[in-house]
Amino acid sequence: MLTRRGFLALLAWLLLPAGARLRPLAPSDQFRLVNGWICKRDDLA
Amino acid sequence: MFLDLNRIESGHFRDRRFDVCVCGGGVAGITLALALAQRCSVVLLEGGGHEYSYDSQSLYKGRNVGLEYFDLAGTRLRFFGGSSNHWEGWLCPLDPHDFEPAPYAGHPGWPIAAADLDPYLEATRTILDISDDRCVGNDPTRNPWHREVEGFREIKIWSSPLRFGPRYAPQIERSARIACYLHANVIDLRLAGDRIANVRIADYRGRRFDVRAHTFVLALGGIENPRILLNCNRQRPAGIGNQHDLVGRYFAEHPHMTVGGILLEDGVRLDKMRIFSPSPQLLRREGILNVSLRCRQKRGPRPEGFKATLRRATCKSDLLKRSAETLRGSSIACDDGWLKVVSEQSANPQSRVMLGEELDRFGLRAPVLDWQLNTLDKHTMRQAVLRFGEAFAGADCGRVRMAGWLMDDSLSFPGLEQELAGHHHMCTTRMAGSPRHGVVDANQKTFSVNNLYIAGSSVFARGGHINPTFTIVQMSLRLADHLKRMHRAPRVALLDDV
């Protein structure tokens, strides 16, 4: 069951404007995120 | 001179009126009193004595109701010299771009510019006993890799843990214009119209005294400044200076969090901690607040030969690492060093100092701290680490690993198991261009009371990522200049008869 507090947190999250939510992590073109490591694309070749 | 309030006669203040009354004998109060004494008679009120005492320190008790935070009676010190009695003295001015507006911060920034504090740089260095004039620099000979980390500059922070109490007590003792009362606890500010008529103080025997002055300055610290203003609700029900419900709001810290690890390229060493800060262009491009990244190699010899080969093979995948750790019975360090972030905190009105129901021995309500970090704070840390990791790899220095909590899209932060924050209490009586956005104006005068000023980091509009004390001293000197212009000559006889 969703508690009252949980429900309010979910509601607050849904009502947040998109800009107020965390943006997804997006490495630059030459890099990739692998298991948390910020790697060069060459590392994975 | 110093006087002990516990030992003076009851009618002591009856016929005395000072030019300026400074409440609080910490870094801001001591700096201000010494600078003002060149022209004014000053009464400096300190709640503690020359040394730590339980009676005084216990008046700092309070509650935390927000994010996990330090004990409020342990995160600051209540005796002469204030929190400089236990600090590490990492010092630097704020960055010039800390004073510029950042539209994504959602709040107007400082109403003054960095240039307004520049005239006080040299005097601040002198007061803080700093002889080295390099603070921020990008000296390639200091760069451990002799390589540019694009978008980031290396910075140096002075270490000068000067104890203001012992350092400046002799000067105050000798001064004929400063009367510093120890064990003088500020318990009320009494208004007459739109001015403070007197400040009521109490000693530890319970006696009350009224101190009169032309001008009053609160320099009690980032938690106590709002606390006393909110407690003074006898004449103004919301508290003094709180007509827009801003006193105590926007409490800001410098989160100090471990954000991951580093793996160094062969031949790269990081024997000392290195501090990097993003360029203003990078901050704007990423829409983040000011921040610094601190990295250091772990102590001890780096594994070589077979051990290094084995470690690298083991660290190649999570499955291999977990299996090896099970066999070994202990964890395997895949990183060569750690990466920490020290970040500016966003202007968040929900992060605040309030009053609780508990009363201290003088009948004042104790502080309740609701420390909050928000989406912009986590976004700042994530993007700074991501871009630093890219620059670090791009400069062939090594690779950066982001901690799990930082990868997590929820608003999770580490707690007290980490360094957590800097014990810097800021922005609770912010400086602003308008009373709708702050408590004090560009001269640190409260918008609603004509002779009440506030000093210390509670007036910061933004905290940057740098420890606040250097800026506190600069601003105290600037405030002293402003007040000295108002008091062209001492209005009362100097303090020979105190």
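Using a ≥ b ≥ c from the Cα gyration tensor of segment B:46-101 (square roots of the eigenvalues), is it rounded, prolate or oblate, where a/c under 1.5 gives rounded and otherwise the larger of a/b and b/c decides, a/b for prolate? Don't skip to the end; give the middle numbers.
Values: a/c = 2.83, a/b = 1.48, b/c = 1.91.
Verdict is oblate for segment B:46-101.
Add -39500 (n - 2.57) for each DSSP H run of 4 or more in chain B, then divide by its residues: what number comes out at 222 nm, to the nearest 500 deg cm²/dmol? Can you show the working numbers first?
Values: 12 runs with 114 residues, N = 498.
The per-residue figure over chain B is -6500 deg cm²/dmol.
Nearest 20 debye, what's the magnitude of the dipole of chain B about its Cα centre given +1 on Lys and Arg Cβ and -1 on Asp and Glu Cβ?
Details: 65 positive and 56 negative charges, 70 e Å.
The calculated dipole for chain B is roughly 340 debye.
Could you work out the local net charge near B:K340, counting Lys and Arg as +1, Asp and Glu as -1, over the other residues with Cβ closer than 9 Å to its Cβ? Display every interim value, and only then the final one.
Details: positive: B:R294, B:R296; negative: B:E419.
For residues surrounding B:K340, the net value is +1.
Apply the a/c threshold of 1.5 to the C-alpha gyration tensor of segment B:1-127 and tell me whether it is rounded, prolate or oblate. Walk me through the intermediate numbers first.
Values: a/c = 2.11, a/b = 1.32, b/c = 1.60.
Oblate is the answer for segment B:1-127, as a/c is 1.5 or above yet b/c matches or exceeds a/b.
Between B:L246, B:Q235, B:L218, whose Cα lies farthest towards the positive end of the dipole of segment B:189-249 when Lys and Arg beta carbons carry +1 and Asp and Glu beta carbons carry -1, centred on the Cα centre?
B:Q235
Mind checking the angle between helix B:305-314 and chain B's longest principal axis? C-alpha axes, 0 to 90 degrees, to the nearest 10.
Taking Cα atoms only, the helix is inclined about 80 degrees.
Work out the charge dipole of the protein assembly as shown with +1 on the Cβ of Lys and Arg and -1 on the Cβ of Asp and Glu about the Cα centre, then indicate which of B:A461, B:L483, A:L22 is farthest towards its positive end.
Towards the positive end, the residue furthest out is A:L22.
Report the FRET efficiency, 1/(1 + (r/R0)^6), for B:E68 and B:M273, where r is their Cβ-Cβ distance and R0 is 30 Å, rounded to 0.05.
Numbers: r = 25 Å, r/R0 = 0.83.
It comes to 0.75.
How would you rank B:284-291, B:62-69, highest first, on the average number of other Cβ atoms within 10 Å across their residues? Could you put the intermediate results ahead of the total?
Details: B:284-291: 20.4, B:62-69: 16.9.
Highest mean packing first, the order is B:284-291, B:62-69.
For peptide B:401-409, what's the mean number of Cβ atoms from other chains within 10 Å of each residue's Cβ?
Numbers: counts 7, 6, 1, 2, 0, 2, 4, 1, 5.
Whole-number average of other-chain Cβ neighbours for B:401-409 is 3.
In peptide B:387-393, what is the residue-averaged number of other protein chain Cβ atoms found within 10 Å of each Cβ? Display every interim value, and only then the final one.
On the way: counts 4, 1, 7, 7, 2, 1, 8.
Counting other chains' Cβ atoms within 10 Å and averaging over B:387-393 gives 4.
What is the dipole size for segment B:1-141, taken about its Cα centre, with +1 at each Lys and Arg Cβ and -1 at each Asp and Glu Cβ, in debye to the nearest 20?
Details: 11 positive and 20 negative charges, 151 e Å.
Computed about the Cα centre, the dipole is about 720 debye.
Using only atoms on other chains, find how many Cβ atoms lie within 10 Å of each Cβ of peptide A:25-33 and report the average.
Average per residue, whole number: 4.
Roughly what would the spin-label model give for B:D129 and B:K316, points 7 Å off Cα along C-beta, in nm?
Using points 7 Å along Cα→Cβ, the separation is 5.5 nm.
Pairs to check: B:K156/B:K316; A:K40/B:K307; B:K272/B:K307; B:K61/B:K484. Give those whose C-alpha atoms are more than 28 Å from each other in this structure. Before the final figure, lay out the partial values.
Details: B:K156/B:K316 35 Å; A:K40/B:K307 25 Å; B:K272/B:K307 24 Å; B:K61/B:K484 35 Å.
From the list (B:K156/B:K316; A:K40/B:K307; B:K272/B:K307; B:K61/B:K484), the Cα-Cα distance tops 28 Å for B:K156/B:K316; B:K61/B:K484.
On the Cα set of segment B:377-498, report Rg and Dmax in Å, please.
Cα only, segment B:377-498: 21.8, 70 Å (Rg, Dmax).
Which value results when the Cα radius of gyration for chain B is divided by 2.2 N^0.38 Å? Before the final figure, lay out the partial values.
Values: Rg = 24.5 Å, N = 498, 2.2 N^0.38 = 23.3 Å.
In units of the 2.2 N^0.38 Å rule of thumb, it is 1.05.
Starting from the Cα of B:H12, move 7 Å in the Cα-to-Cβ direction to define the label point; list residues of segment B:182-210 whose amide nitrogen is under 16 Å from there.
Label zone hits: B:182-187, B:199-210.
Taking the inverse of the average 1/r across all pairs of different Cα atoms in the protein assembly as shown, what Kirkwood radius in Å do you get? All intermediate terms of the calculation are to be shown ahead of the outcome.
Values: mean 1/r = 0.0400 Å⁻¹.
For the protein assembly as shown, the Kirkwood estimate is 25.0 Å.
Using Cα pairs under 8 angstrom and six or more residues apart, how large is the relative contact order of chain B, in percent?
Computed value for chain B: 25 percent relative contact order.
Where a number appears in this text, it was derived from the coordinates with a stated rule and is not lab data. None of the values given here were measured: they were computed from a predicted structure. When we count neighbours, we look across all protein chains shown, and the Cβ atoms used for this are built from the backbone with ideal geometry, even at glycine.
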